[in-house]
1. Tell me, what % of the accessible area of the chain is carbon and sulfur with a 1.4 angstrom probe?
2. Calculate the FRET efficiency for THR63 and GLN361 from the Cβ-Cβ distance with a Förster distance of 51 Å, rounded to the nearest 0.05.
3. Treat each spin label as a single point 7 Å out from the Cα along the C-beta direction, and report the ASN442 to GLN385 distance in nm.
4. Can you put SER214, SER33 in order of accessible area, largest first, using a 1.4 Å probe?
5. HN-Hα J couplings of the range 301-308 from phi, Karplus 6.51/-1.76/1.60, θ = phi - 60°, integer Hz, Gly and Pro as x?
6. Using only the Cα atoms, work out Rg/Rh for the range 80-140, with Rh taken as the Kirkwood radius, to two decimals.
7. Angle check, please: helix 69-85 long axis (alpha carbons) against the longest principal axis of the chain (alpha carbons), in degrees 0 to 90, nearest 10.
8. Extension gain ASP422-ARG335, at 0.36 nm per residue separation less the Cα-Cα distance, in nm?
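The values are calculated or read from the model by the stated rules, or taken from the named source; none is laboratory data. These numbers come from a predicted model, not from an experiment. No Cβ is skipped: glycine too gets one built from the backbone with ideal geometry, and neighbour counts run over all protein chains shown. All accessible areas refer to the heavy atoms of the entire protein, side chains included, with ligands and DNA or RNA removed. Shrake-Rupley method; radii C 1.70, N 1.55, O 1.52, S 1.80 Å.
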Amino acid sequence: MTMNTTTENLYGKNFIAGEWTSAARTVPNINPSDVTDIVGEFASADHGEVEQAIAAARQAFPTWALCPAQKRADILFKTAQLLTSNAGRIGTLLSREQGRPRPEAEGEVVRAAQIFAFFAGEVVRATGEIFPSTRPGAEVLVSREPIGVVAAITPWNVPIAIPAWKIAPALAYGNCMVLKPAELVPASALELVRILQEAGLPAGVLNLVMGSGSTIGPQLLDSPDIDAVSFTGSIATGKKIAAAAVAGGKKVQAEMGGKSGLVVLNDANLDIAIDCAIDGAFFWTGQRCTASSRLIVARGIYDEFVDRMIARMKTLRIDHAQKEGTEIGPVVDERQLAQNQRYIEIAKADGGEVIGGQRLQRDTQGFYMEPALILNTSNGMRINQEEVFGPVTSVLKVADYEEALMVANDTRFGLSSGICTDSLHHSTHFRRHSLAGTVAVNLTTTGSEYHVPFGGRKSSSYGAREQGRYAMDFYTAIKTSYVRA
Ligand code: ADP
């Protein structure tokens, strides 16, 4: 089987116990750049199919947990290679179903490959520790073991890299999985799972069930055969999942929303600051949990910053995601577009001045909108306290660094933050006092790298960090052994 052949024959199927099985029900997957383009009909798993997926993972677990490290590493590495050699094809598909410009979509597939390559190496680095014993003739060993069957519930905004950063460590450390991707992006998940199959993953180790979160999610959370849940998505869903998981005694991690502030001080390099603000707020159509949705700008540079933002916004190319030169694709669907427009109206009603934000017509019928910059707001307004998840950002004028820090931290979220300044003193102080999981200095609030931990504080995250070797804390159980020779 060569990976360059079409996968369309698998559309409409779940992947359970190593088999692509036709689902009882399917739903259409629509291209947000052109609603007349149906990517395909994809599975919507029913109760029985989800049960089978859980049972398959449970059954595969004892063998996979004992699978030699080299074999696990080889499968993960092969997955990285296959993702790389298929990045163009899968990137095009991701762009088509999600609306991300094609080069960025391909970049996400390459990122997924890097994640698998990283965890291929981590397989043999799941080290423990040896301690002296307080008892004579004994010693104490602390070692890592897999936790069992992990359910991964993933969002639509990062269709392949988020599943990758849950699957790769889960498998690396010897766990089995059930993946439930977001309804809007089933094709990317299907491609990823097919590549893992092609890379030689044994039957049942990873199972894919597609469909509605509100029905499949609770079933996964209620199952005594699921030991842990890794979730990325909205705060409302994440809170429900965390509560249900705790009630059921399951290990859980949840990555949720953000309201990240990018601070721009008077001494900032404005070229850098504008790049960070435009990219962080508007690229990926603002559909990133780390998006710079509040631009907190010092009074002395405010007018120039706003003028340059408006000038730059006029040059942004918003169009069909697969069109050459598009910088910003459509909003992911009608519901999200309506939410973006609703928040713009809320901001206006609260006294905000909105630049841009109009719906746009293009050659194809899609969910296009201009980015919106909102002036004259205060931090207490809803537009600055609730996550929009679209290309919508506010500019908040502050007197000085101290006020900027206070405003940046004045949110129930704590995923990421950023500061643009040439002052070592202010950037260091901000790095230490920002109440966010990720802090960026003269870089966008949105950048994260695969070899270091990702996660937030306050309402943005619950549980252990993801990515890098820190992922081991979630995907392994610690065993303490007392041994007398
Ligand atoms: P968004 O609003 O960005 O789509 P959600 O939090 O609704 O974010 O979705 C993230 C993931 O959670 C998706 O895979 C979705 O299907 C799933 N999901 C939605 N509702 C539930 C639920 N009640 N339990 C478990 N998973 C859910």
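1. Numbers: 10040 of 19250 Å².
Carbon and sulfur atoms account for 52 percent of the accessible area of the chain.
2. Numbers: r = 56 Å, r/R0 = 1.09.
It comes out at approximately 0.35.
3. Roughly 3.6 nm, to one decimal.
4. Numbers: SER214 95, SER33 0 Å².
Reading off the accessible areas and sorting them downward yields SER214, SER33.
5. 10, 4, 4, 5, 4, 5, 4, 6
6. On the way: Rg = 21.0 Å, Rh = 14.2 Å.
Value, to two decimals: 1.48.
7. The angle comes out near 40 degrees.
8. Full extension of this stretch gives 27.2 nm more.
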